[in-house]
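Taken together, the values in this text are just the output of simple stated rules run on the coordinates, not laboratory data. These numbers were taken from a predicted model, which means no experiment stands behind them. Cβ sites come from the backbone with ideal geometry, for glycine too, and all protein chains shown count toward neighbours.
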2 protein chains.
Amino acid sequence: MQENLKSDATCEERSYGGLENMSGFLISLAQAYVFEHFSEELTPKGMRPAQISALILIRENPGIRHGELAEMLKLKLAYTTKLIKSFEADGWVRREQSEEDRRAIQLYLTPEGAAFVDAMKPVLTESDAARPSGLTARETQQLMRLLRKYLGMDVPGATAD
Amino acid sequence: MQENLKSDATCEERSYGGLENMSGFLISLAQAYVFEHFSEELTPKGMRPAQISALILIRENPGIRHGELAEMLKLKLAYTTKLIKSFEADGWVRREQSEEDRRAIQLYLTPEGAAFVDAMKPVLTESDAARPSGLTARETQQLMRLLRKYLGMDVPGATAD
DNA sequence: TATTGTTATACTCTATAACTATA
DNA sequence: TATAGTTATAGAGTATAACAATA
């Protein structure tokens, strides 16, 4: 694909200059790669990673509060508000003032929202598993295990290897 | 910190509902975590991860083209143009029309830019290593090895584990 | 006084497309 | 015709701060 081997620089091996040994840099690149290969089925439905993840978390945790959702997804609370308002406008999410703490807002999926998530989750799971990478299935499991530990995510159901 | 153990939902264990076994989701969370903990020394200097990485790559690969830089950093070419123009305005980068292919622009650091990178790179390296995570040093090496392989990054100098 | 969520603004980066100048 | 880069616009998500309501 590259045939121009003449320039003082264009032909040389490009170097990452130490960035290849920084975990932050590698994680950023991996993230860009993941976004680039995000599900071609979900994108046309207006679903970006943050959106489908939020709906899945609400599906899984009915009554979750704004702040809890933001923390689990590592989204800013201010942005979470916008996200949820748009879900509400779409008719997928219902907001309810908490009775214990009347400052808090609890989130629930509408029947339409729940049906949508139930239909889309297998699509997401499939597209995540199908995303091309240089890793074997076993290495992918290992990567996920390390990332969960990196994040301090306590997940009992995680595969041991 | 949480004493409200009464709600139908607030007290229950929150579940990731399968997201914890999707590599794309875990990588996204890790990326958010990395950005959150980006060097407190570099940020006040107007350096975000993409910016300092770009400068390092130009430092390491004088004469690199716009497109090559965008590809290595997985940035969009359109955004790379803006980035480089702002570096040029800062006096850190010099742009030069390639002699072999007069469509291409080659990038070089000015002496000021080179001095800045040389001063900041140890800061970046240090802050990357110091970022708190749930991993041991050895696991971090393993994570980086897996990420490089995930990305198809061919790096001879990488630690073997 | 501190906390939950809302609103608003500026900024970073993506997605897309139209454009130029070269090849 | 295709490629390297530029410009512009819309959108996603961050950073920050001021604000209202409640604890």
- Name the most mobile residue of A:GLU88, A:GLU71, A:GLU99, meaning the one with the largest mean-square fluctuation, in a Gaussian network model of chain A with Cα contacts below 10 Å. A:GLU99
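If I take all pairs of Cα atoms in the protein assembly as shown, what percentage of them are more than 32 Å from each other? Please report the intermediate quantities before stating the final value.
Numbers: 19736 of 51681 pairs.
Beyond 32 Å sits 38 percent of the P(r) for the protein assembly as shown.
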- Query: Using alpha carbons only, how many degrees (0 to 90, rounded to 10) separate the axis of helix B:49-60 from the longest principal axis of chain B?
  - Reply: 40
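With +1 on each Lys and Arg Cβ and -1 on each Asp and Glu Cβ, how big is the dipole of segment B:43-129 about its Cα centre, in debye rounded to the nearest 20? Don't skip to the answer; put the middle values down first.
Values: 13 positive and 13 negative charges, 78 e Å.
With Lys and Arg at +1 and Asp and Glu at -1, about 380 debye.
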- Task: Sort all Cα-Cα distances of segment B:43-129 into consecutive 10 angstrom bins from zero, then give the percent of pairs in each bin up to the one containing the longest distance.
- Result: 17, 54, 25, 4, 0
- Message: For a bin width of 5 Å, list the pair-distance distribution of segment A:92-161 built from all Cα-Cα distances, rounded to whole %.
- Response: 3, 13, 13, 13, 15, 16, 13, 9, 4, 2
- Could you state the angle between the C-alpha long axis of helix A:137-150 and the longest principal axis of the C-alpha atoms of chain A, as a value from 0 to 90 degrees rounded to the nearest 10? 60
- Rounded to whole angstroms and listed largest first, the alpha-carbon spread of chain A along its three principal axes comes to 69, 35, 29
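Can you sort B:ARG131, B:ARG102 so the residue with the fewest Cβ neighbours within 10 Å comes first? Mind showing how you got there, number by number?
Details: B:ARG131 18, B:ARG102 8.
Ordered by Cβ neighbours within 10 Å, fewest first: B:ARG102, B:ARG131.
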- Kindly express, to the nearest 10 degrees and within the range 0 to 90, the angle between helix A:111-130's C-alpha long axis and the longest C-alpha principal axis of chain A. 20
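Relative contact order for chain A: what percent, with Cα pairs under 8 Å and sequence separation of 6 or more?
Numbers: 115 pairs, mean separation 29.3, N = 161.
Over chain A, the number comes to 18 percent.
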- Query: Using alpha-carbon pairs under 8 Å, 6+ residues apart, how would you state the relative contact order of segment B:43-129 in percent?
  - Reply: 30
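Return A:ILE52, B:ILE27 ranked ascending by Cβ neighbour count within 10 Å, so the fewest neighbours appear first. Don't skip to the answer; put the middle values down first.
Numbers: A:ILE52 23, B:ILE27 26.
Final ranking by Cβ density, sparse to dense: A:ILE52, B:ILE27.
Report, as an integer, the average count of C-beta atoms from other chains found within 10 Å of each Cβ along B:66-73.
Whole-number average of other-chain Cβ neighbours for B:66-73 is 2.
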- Ranked by GNM mean-square fluctuation in chain A (Cα springs under 10 Å), the top entry among A:GLN97, A:GLN141, A:GLN51 is A:GLN141
- Take the Cβ-Cβ distance between B:ARG94 and B:GLU71 as r, set R0 to 25 Å, and report the resulting FRET efficiency rounded to the nearest 0.05. 0.75
- Those GluC sites (Glu not before Pro) in segment B:11-56 that DSSP places in a loop and that have at most 11 other beta carbons within 10 Å: B:GLU13, B:GLU40
